[in-house]
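Participant: This is the structure I have questions about; it appears just below.
FYI, it's all coordinate maths here, none of it is from the lab. Since the model is a prediction, treat every value here as computed from it, not as a measurement. Note that we place each Cβ from the backbone using ideal geometry, even for glycine, and neighbour counts take in every protein chain shown.
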Amino acid sequence: MTLLFRHDWSRLAQLYRTYEEPPPNFWRMESGAVGLVYYKGTLNVGITRQGLYLSIFPLFSFGLPPLLIPWSAIRKIEPANQLFVERFRLYLSSPEIKLILRKDVLEPAKEYLAAQGFEWV
């Protein structure tokens, strides 16, 4: 089970591992999905000019490093709403992994996403 938990994050870390500190535009203890794993209240999300910063709350990170995924790695975005929460599903080009994050968290990224040709819904 631990391997499943680590698999998609580890694949992302091969390309997007970062040693940078979290950006000022940073939300702690968010819920969202990275690949097949749903992180309930343990996902940290940041928005930078360079890309999407992701980390896991340290108590639960189990050695999974922070990630900085460039905006250019996102190939498609679509709504993924749940009940009363507006979310987006982001499809990455390499590796082919999906992320699901709250719309509010992605709001500061709309100019960067627009530069990649995505319309903000």
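Participant: Using a 10 Å cut-off around each Cβ, can you sort S31, S93 from fewest to most neighbouring Cβ atoms?
Facilitator: S93, S31
Participant: Using only the alpha carbon atoms of the chain, find the Kirkwood hydrodynamic radius as the inverse mean reciprocal pair distance, in angstroms to one decimal.
Facilitator: In the chain this quantity evaluates to 14.3 Å.
Participant: Under 18 Å from a point placed 7 Å out from the Cα of H7 along the Cα-to-Cβ direction: which residues of segment 75-111 have their backbone N that close?
Facilitator: 92, 94-100
Participant: Also, I was wondering about something else. If I model a spin label as a point 7 Å beyond the Cα along the Cα-Cβ vector, how far apart are those points for R89 and Q50 in nm?
Facilitator: 3.0
Participant: Something else: FRET efficiency for E119 and Q14, Cβ-Cβ distance as r, R0 = 35 Å, nearest 0.05?
Facilitator: In this case the efficiency is close to 0.70.
Participant: May I ask you to compute the full-extension gain from N81 to E107, defined as 0.36 nm times their residue separation minus their alpha-carbon distance, rounded to one decimal in nm?
Facilitator: Net length gain for the segment: 7.9 nm.
Participant: Counting pairs of alpha carbon atoms under 8 Å apart in space and at least six apart in sequence, what relative contact order in percent does segment 2-115 give?
Facilitator: So the answer I get is 22 percent.
Participant: Here's another thing I want to ask about it. Based on DSSP H runs of at least 4 residues, each adding -39500 (n - 2.57), what is the mean residue ellipticity at 222 nm of the chain after dividing by all its residues, to the nearest 500 deg cm²/dmol?
Facilitator: -5500 deg cm²/dmol
Participant: Then there is this: Under the rule that an exposed site lies in a DSSP loop and has at most 14 other Cβ atoms within 10 Å, name the longest stretch of the chain with no chymotrypsin sites (Phe, Trp or Tyr not before Pro) of that kind, not counting the sites themselves.
Facilitator: 20-61
Participant: To the nearest 10 degrees, how steeply does helix 2-16 sit against the main Cα axis of the chain, on a 0 to 90 scale?
Facilitator: It is inclined by approximately 60 degrees.
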